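Take a look at the structure set out below.
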Amino acid sequence: MKWVDFVRESRGNEAIIYLVGNKMDLEGQRRTDSVARAKDVAKQQNIPYFEVSAKSGEGINEMFSEVTDKLLTCQTGVNPSSTQTSISSLPKQ
């Protein structure tokens, strides 16, 4: 995948890359082959895949929680998911 290769070449193999599919709220209208392709690409590239809905907010907190945990782990060497400092433990607003 060209864009993944570009990111890894320009930012190094430790670059944090996620593939995110939007429009989760349109379950009946989405093309199942597109979702399957996205999952395959994520697996082939060894990157996490999330499905979200910007409209309903579904999956958004989980995605940002994982991204935040990954960033904090890279910065501190400690996985916040295993502590009480995880973003997912914060109260929702």
Quick one: would you say Lys43 is open to solvent by 80 Å² or more (accessible area, probe 1.4 Å) and at pLDDT 90 or above?
yes
Do any residues in segment 1-12 that are within 23 Å of Arg37 (Cβ to Cβ) have Cβ atoms under 8 Å from those of residues that are open to solvent by 70 Å² or more (accessible area, probe 1.4 Å) and in a helix (DSSP H, G or I), where the two are at least six apart or on different chains, and which pairs are they?
Met1/Gln44
Restricting attention to segment 18-48, which residues are part of a helix (DSSP H, G or I), polar (S, T, N, Q) and over 27 Å from Arg8 (Cα atoms)?
Thr32
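The values are calculated or read from the model by the stated rules, or taken from the named source; none is laboratory data. As the structure is a computational prediction, the values presented were derived from the model and not from experiment. As a convention, Cβ positions derive from the backbone with ideal geometry for all residues, glycine included, and neighbour counts pool all protein chains shown. Each accessible area value is taken on the protein alone, full model and side chains, heavy atoms only, with ligands, DNA and RNA left out. Shrake-Rupley method; radii C 1.70, N 1.55, O 1.52, S 1.80 Å.
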